[in-house]
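First up is the structure itself, then whatever we jot down about it.
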Amino acid sequence: MTGSGSARQIDGYSRFLRVLIAALAIAAVPSVSFAARCVPPQGLDRFHEAIGEIEANRRSRPLTILHLGDSHISLDNFTRGLRKRWQEAYGDAGRGLMPGVPFRYYAPDGFDAGMSGAWDVVSSLPADASGPFGMQGFRVSSGDAGAVMTLRSEQPLTRIEIDAYGGPGTGALLLKLGDAAALKLQTHRDVPGLVRLSVPAANVHNVRLSPAGSGAVHLLGWNALSSAAPGVRYDSFGVVAATASITERWDANVVRQQIAALKPDLVILGYGTNEGYNNGLDLDGYRRLVAGFIRLVETAAPDTSIALLGPFDGARQGRGAACGEGWATPPNLDGVRGVLRRLAAARGAFFWDGGAAMGGACAADAWARTDPPLMYADRVHLRPAGAERLSAALWAALMEKGQDGASCEAARRINYKDRQ
């Protein structure tokens, strides 16, 4: 029997309400799912909060990452893939740079750096290194007006910031941005210490810096900033052959001020490879040293996340666990990883095991033998393909994997798009 028209209307309306309620429930799932499933790894909560603010258009300053370490960082080999992924996702807000050309093969991606004339370049690597150093690890000085430092950027620059060390006897700098007239910038200060100079630029590609001839200038680094808003600023400073002990030769007050001004959302510490090759390494002393630098970072930037990178696998001819044909794993590489793992757990920091990411002990030997090789014959340094593989793995660990294996980055994007 067919029901009345009014009954059919009521029944239809009821079905409509049920469908509407179900649809609303489904629409709410991404938000609930993100909150329930996506838990950032230990130590990365603040970093992921900053990313969420950018994706929700609640932040105007760049997502900022500071990466310090050894030769894996110095040539942009390993860092290249990280920078590319972050800036492709959120925009290029620029980076910090070492002063001039502090070592022979310094060639930061996206920039052509040059230096001519009478510059004195000093590295903080030697144990007897003296004088002021910042977190860039080098100091470049000159009082000669004929000394010139140049920078050409692929991206247009909207601001140049200079870190110098000033004092009662230091002179001025001449900064020329594009075709504009040179600006005279003083580094003099009554009490010796960091001088931070910041100058807006009108989308220039060429920058020229030189002493004004009024006294010696001491440059620690400079920052080339772009217009992406908010974008990602990723500063990476590495010194070939460095161990974490290099940080003890930096001026603590200068480094503290530099980090405080940078306001990093994430600080990555990539030391440990060279320590792992040291048979006589005092592991407890190493723990105290790294813990001390972590405390400095935390004091300068209390809202930052900190990531400790366990060293990649390596091999050498001689003493250690045998990998074949005379190659052996240095015994302290795993000891260093253990120290960093325990330190990260104790201080609530993030830890990533670079050796495990390669495949464990003797992976370096295997990577050097594969065709094409992923590692150079020294079993220490990564070839571009190997560096890309590991940078992709670290980026995924920092950005994508929650504690239950869920993709935080993907879930956050779904949640953000659903709100639009």
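The values are calculated or read from the model by the stated rules, or taken from the named source; none is laboratory data. Note that the structure is a prediction, hence the values are computed from the model and not measured. Please note: Cβ atoms are built from the backbone with ideal geometry, for glycine as well, and neighbour counts cover all protein chains shown. Protein only, heavy atoms only, side chains kept; ligands, DNA and RNA dropped before computing areas. Shrake-Rupley method; radii C 1.70, N 1.55, O 1.52, S 1.80 Å.
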* **Pairs, first modelled with pLDDT of 95 or more in the stretch 115-134, second among the hydroxyl-bearing types (Ser, Thr, Tyr) and outside any strand (DSSP E or B), C-beta under 7 Å, six or more apart** => PHE133/SER124
* Which condition breaks for LEU289 when tested against (1) under 15 Å from THR247 (Cβ atoms); (2) open to solvent by less than 30 Å² (accessible area, probe 1.4 Å)? -> (2)
* **Of all residues making up the stretch 216-250, the number that are at positive phi and open to solvent by 20 Å² or more (accessible area, probe 1.4 Å)** => 1
* **Counted residues, the stretch 100-115 - those being closer than 19 Å to VAL204 by Cα and surrounded by 22 or more Cβ atoms within 10 Å (Cβ to Cβ)** => 1
* Asked: So how many residues does the stretch 263-286 have that are outside any loop (DSSP other than H, G, I, E, B) and either surrounded by 14 or more Cβ atoms within 10 Å (Cβ to Cβ) or at pLDDT below 95 (or both)?
  -> 10
* Give the residues of the stretch 375-391 that are under 13 Å from HIS72 (Cα atoms) and in a loop (DSSP other than H, G, I, E, B), sorted by residue number. => TYR376, ARG379, VAL380, HIS381, ARG383
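Conditions tested, residue by residue: (1) assigned to a strand (DSSP E or B); (2) in contact with a helix residue (DSSP H, G or I) (Cβ under 9 Å, 6 or more places away or on another chain); (3) open to solvent by 30 Å² or more (accessible area, probe 1.4 Å).
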{"residue": "ILE306", "(1), (2), (3)": "yes, yes, no"}
{"residue": "LEU340", "(1), (2), (3)": "no, yes, no"}
{"residue": "ALA344", "(1), (2), (3)": "no, no, no"}
{"residue": "TRP352", "(1), (2), (3)": "yes, yes, no"}
* Structure fact -> Of the listed residues (LEU269, LEU194, LEU281, LEU177), the one being over 22 Å from LEU157 (Cα atoms) and free of Cβ contacts under 8 Å to residues at least 60 places away in the same chain is LEU281
* To do: Could you check, for the stretch 75-84, whether at least one of its residues is open to solvent by 20 Å² or more (accessible area, probe 1.4 Å) and in contact with a helix residue (DSSP H, G or I) (Cβ under 6 Å, 6 or more places away or on another chain)?
  => yes
